[in-house]
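Quick note: the coordinates plus some simple rules give every number you see, no bench work behind them. Bear in mind that the values here come from a model prediction, so they are computed numbers and not experimental data. Please note: Cβ atoms are built from the backbone with ideal geometry, for glycine as well, and neighbour counts cover all protein chains shown.
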Amino acid sequence: MPQQPSERPKQRVMFVITRGDQGGAQTHLLELCRALHREIQLLVVIGGTEPAPSPLELELHCLGVEVARVPALGNSLSPGRLILGVWQLRGLMRHWSPDVLHLHSAVAGVVGRLAGRLSRCPVIYTVHGFGFKPQVAPMRRTVALLAEWLLAPLTARMICVSETELALAQRLPIPRERILVISNGIADTALRANPGQEPASLMMVARMEAPKRHDLLIQALRVLQSRGRAMPRVVLAGEGPLWPSVKSAAQDMAAVDLPGDVKDVAARLANCQIFVLLSDHEAQPISIIEAMRAGLPIIASDLPEIRQLVSHGVDGVLTTNRANAVADALGSLLADPQKRVALGRAARRKYECDFGAARMAQRIAAVYAEFPTRATP
């Protein structure tokens, strides 16, 4: 009998992310794992020392995806923490022997590219928002630009989630052929909103830290009150360092609900009529894609990155970050259920065409396939 060829080994991809809490980068990584874990051997490395499993860890355990921790990996850029993080991650890499290291978030991008170079492992870095945008504070912007400039040559492939991020990436010393634009994508659900329902309610899903502007939405709601409009029901989902200040700002507003981090975002969006996201800067917010999937009209800050998702007057309303302007946008949609329905339908069509998880995962898997798989892991 002729000898059967041995089964081709699965490619081994190690993801590294700074935090395991809820956020856009974490949702992106989770969608990739859902789409690829049967075809590719995955290990997700998460920073931090929290004793309880993070939301991302819990979801990955349900998928059967292996998870490891790098305790020294966090938001700190102190040299000692970075060196320790590189050492810990390199130790994991020696043990697990990845074919590809795929990094998510800025500090993971620093630690991972140094560990990848020391381990001679190809590094893919997905940029979920460069830290050297003009809107970022000058000192932080300078540090971010210096780090990205020094580490760009160590990046085998850089994936940008939007054309705006691509324009920033082209300022770095990395060949253009190593940079790709792959939009975020999320899997579909059967849950749909009814934007025309009255009375209309609205929802904002975002981590409560800069650059998100929960405070601006609360100011706009107060402007609506001063104009004599009844306060709509408002859900501000998310947690973060600014949660106490947001709670304090809204403490006398009975219609504002702060449920914290929630797992049932799709179901909650389906029970609302308007989605709002106000930010000082963005990359490509997954929360807007979630709202599009639900068929919701969107009110969002008029930023270059958001214009690539939301077309003003077609599937949403773009506004400047002033309380009166936001109040105008809110008032116009709260008063017009037919307009909400038309915008929501257009948003749903855009999701179906451009932002599914399978499309995103296939394109990223094709990037992995550019790098060889070892015969024995």
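In degrees from 0 to 90, rounded to the nearest 10, what is the angle of the helix 214-226 Cα long axis to the longest principal axis of the chain?
10
Arrange F275, F355 by Cβ neighbour counts within 10 Å, fewest through most, would you?
Starting with the residue having the fewest Cβ neighbours, the order is F355, F275.
Ignoring everything except DSSP H segments at least 4 long, calculate the 222 nm mean residue ellipticity for the chain; use -39,500 (n - 2.57) per segment, divide by total residues, nearest 500.
Value at 222 nm, helices only: -12500 deg cm²/dmol.
Mind checking the dipole of the range 202-354: about its Cα centre, +1 per Lys or Arg Cβ, -1 per Asp or Glu Cβ, Debye to the nearest 20?
440
Of L36, L277, L150, which has the largest mean-square fluctuation in a 10 Å C-alpha GNM of the chain?
Its mean-square fluctuation being the largest, the pick is L150.
Could you list log10 I(q)/I(0) for the range 287-361 at q = 0.15, 0.26, 0.28 Å⁻¹, which the Debye formula gives when each Cα is one point scatterer?
-0.48, -1.21, -1.32
Across 10 Å bins from 0, what is the distribution of all Cα-Cα pair distances for the range 202-354, in whole percents?
All Cα pairs, binned at 10 Å, distribute as 12, 45, 38, 6, 0 percent.
Expressed as an acute angle from 0 to 90° and rounded to the nearest 10, what is the orientation of the C-alpha long axis of helix 337-354 relative to the principal long axis of the chain?
10
What is the local net charge at A187, summed over the other residues whose Cβ is closer than 13 Å to its Cβ (Lys, Arg +1; Asp, Glu -1)?
Its environment carries a net charge of -2.
Against the 2.2 N^0.38 Å scaling, with N counting residues, where does the range 25-157 land? I'd like the Cα-based Rg ratio to two decimal places.
So the range 25-157 has a normalised radius of gyration of 1.05.
What is the ratio of the Cα radius of gyration of the chain to 2.2 N^0.38 Å, where N is its residue count, to two decimals?
So the Cα radius of gyration is 1.03 times the expected 2.2 N^0.38 Å.
In the range 4-110, which GluC sites (Glu not before Pro) are in a loop and have at most 13 other Cβ atoms within 10 Å, using DSSP for the loop call?
When the GluC sites (Glu not before Pro) of the range 4-110 are filtered for loop state and at most 13 Cβ neighbours within 10 Å, E7, E39 remain.
Rounded to the nearest 5, what % of the DSSP beta bridges within the chain are antiparallel ones?
Roughly 0 percent of the DSSP beta bridges within the chain come out antiparallel.
On full extension of the chain, what length is gained from Q197 through H95, given 0.36 nm per residue of separation minus the C-alpha to C-alpha distance?
Taking 0.36 nm per residue and subtracting the Cα distance, the gain is 31.2 nm.
Taking the beta-carbon count within 10 Å as an exposure proxy, list H128, H37 from fewest neighbours to most.
Ascending Cβ contact count within 10 Å gives the list H37, H128.
Within the chain, how many lysine pairs that are 8 or more places apart, or on different chains, have C-alpha atoms less than 30 Å apart?
Lysine pair count for the chain: 11.
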